[in-house]
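**Student:** Sharing a structure with you now.
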Amino acid sequence: MHSDGQSIFREANGDPIKLEVYDLGLIDYAKCLELQRSYHRKIIDGVQGDVLLTCSHNPVITCGTSTEEAHFYTPSSEIESAGTPVVSIERGGSVTYHGPEQAVCYPLINLHNHRTDVGWYMRSLEEVVLTTLKEYGIEGIRVPGKTGVWIDENSKIAFSGVRISRWCTLHGFSVNVLPCAHRFAPINPCGLGKIATVSISELTPSRRVTVEEVTGKLITNFIKIFNYEA
């Protein structure tokens with residue numbers, strides 16, 4: 001079910017909170033979604049501590065609760081006929097792409113042990129990405145009224161969409177590591193119109209960047225920003 005590596009951390013301040021970290025590598029979206037939902041139910045039931053799943057996916061289009069037909073430039077039936085699944089899920093937001101070019105993080109955590117504030121949670125996820133980008137000399141920004149992380153007001157590098165039930169989180173965020181703008185071409189990402197999608201490797205052409213390396217940095221920064229400590 002999991003990759004071999006498992007790390008356990010505890011919160012630096014206050015009551016101890018266990019975080020289990022699993023790097024799933026390249027995994028089909030449907031299989032990962034089933035795993036997320038299983039952990040989410042266990043966390044709600046109080047029989048599971050916090051979990052962070054990291055991975056990348058085989059190409060898939062996911063549709064959040066705000067998705068409209070107009071958010072597809074190419075009909076979803078044609079996208080699926082070309083070999084890319086289109087999956088409707090319970091997260092917020094509109095349509096987006098996930099694929100092997102991205103580092104994806106799914107925090108499944110009980111916010112009662114952190115802070116029961118949706119805005120704080122979303123900004124904290126963004127901070128994980130912003131901190132990671134700085135390690136590559138990239139200054140990401142937040143755009144008021146929009147989620148995710150941007151390079152400028154028209155160029156997006158990281159996408160986020162979550163669901164929170166009983167203050168337990170589901171879904172998460174993705175970061176474009178390798179070029180994948182062509183993968184977004186059939187859709188209107190997040191319903192935002194003709195935005196550009198950029199990647200870490202395109203912004204650091206003199207440096208070899210891998211999904212595995214970025215994933216490791218995201219894990220480290222997630223642990224710091226959410227106040228876990230070995």
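**Student:** Over the Cα atoms of segment 22-144, what Rg and Dmax result, in angstrom?
**Tutor:** Just the Cα atoms of segment 22-144 yield Rg and Dmax of 16.1, 44 Å.
**Student:** Now for a separate question. For a Förster distance of 30 Å, can you work out the FRET efficiency between the beta-carbons of R115 and A82, rounded to the nearest 0.05?
**Tutor:** On the way: r = 43 Å, r/R0 = 1.42.
E(calc), rounded to 0.05, equals 0.10.
**Student:** Each residue of segment 177-182 in order: what ³J(HN,Hα) in whole Hz does its phi give by Karplus 6.51 cos²θ - 1.76 cosθ + 1.60, θ = phi - 60°, with x for Gly and Pro?
**Tutor:** These are the phi-based 3J(HN,Hα) values: 9, 10, x, 8, 4, 5 Hz.
**Student:** Distance in nm between label sites at K18 and D45, each 7 Å beyond Cα in the beta-carbon direction?
**Tutor:** 1.6
**Student:** Kindly state, to the nearest 0.05, the FRET efficiency for K134 paired with R208, given R0 = 25 Å and r defined as their beta-carbon distance.
**Tutor:** The pair K134/R208 has a calculated efficiency of 0.85.
**Student:** Continuing with this model, one more query. Let me test this: with uniform point scatterers at the alpha carbons of the chain, what is the Debye-based log₁₀ I(q)/I(0) at q = 0.09 1/Å?
**Tutor:** -0.34
**Student:** Given 0.36 nm per residue, what is the gain on full extension from T220 to D28 after removing their alpha carbon distance, in nm? Don't skip to the end; give the middle numbers.
**Tutor:** On the way: separation 192, 0.36 × 192 = 69.12 nm, distance 2.42 nm.
Roughly 66.7 nm would be gained on extension.
**Student:** Tell me which of T65, V118, S88 sits at the most positive position along the dipole axis of the chain, charges placed on C-beta atoms (Lys, Arg +1; Asp, Glu -1).
**Tutor:** Highest projection toward the positive end goes to V118.
**Student:** Going by alpha carbons, how many degrees (0 to 90, nearest 10) lie between the helix axis of 29-44 and the longest principal axis of the chain?
**Tutor:** The angle comes out at about 30 degrees.
**Student:** Please tell me the relative contact order of segment 7-229 in percent, rounded to the nearest whole number, where contacts are Cα pairs under 8 Å and at least six residues apart.
**Tutor:** About 23 percent, as a whole number.
**Student:** Please identify, among S174, S88, S199, the residue showing maximal mean-square fluctuation in a Gaussian network model of the chain using a 10 angstrom Cα cutoff.
**Tutor:** S88
**Student:** Give the distance, in whole Å, between the Cα centre of segment 186-230 and the Cα centre of segment 102-124.
**Tutor:** Segment 186-230 and segment 102-124 have Cα centres spaced 16 Å from each other.
**Student:** I want to check the label-to-label distance for A181 and E69. Put each point 7 Å from Cα in the C-beta direction and report it in nm to one decimal.
**Tutor:** About 3.1 nm separates the two model spin labels.
**Student:** Here's another thing I want to ask about it. I'd like the distance between the alpha-carbon centres of segment 143-169 and segment 40-101, rounded to an integer number of Å.
**Tutor:** Cα centres, segment 143-169 to segment 40-101: 14 Å.
**Student:** Using a Gaussian network model of the chain with C-alpha springs under 10 Å, which one of R183, R142, R207 is most mobile by mean-square fluctuation?
**Tutor:** Largest GNM mean-square fluctuation: R207.
**Student:** Here is a follow-up. Which of these, V149, V118, V175, has the largest mean-square fluctuation under a Gaussian network model of the chain (Cα springs below 10 Å)?
**Tutor:** V118
**Student:** So, R0 is 25 Å and r is the distance between the beta-carbons of I141 and E90; what FRET efficiency does that work out to, to 0.05? Each step should come with its number before you reach the end.
**Tutor:** Details: r = 28 Å, r/R0 = 1.14.
The formula returns an efficiency of 0.30 here.
**Student:** Compute the signed sum of charges (Lys and Arg +1, Asp and Glu -1) over the other residues within less than 11 Å, Cβ to Cβ, of E153.
**Tutor:** Result for the neighbourhood of E153: +2.
All of the numbers you see were taken from the coordinates with simple rules; none came from a lab. Because the structure is predicted, anything quoted here is derived from the model rather than measured. Note: ideal-geometry Cβ built from the backbone for every residue, glycine included; neighbour counts use all protein chains shown.
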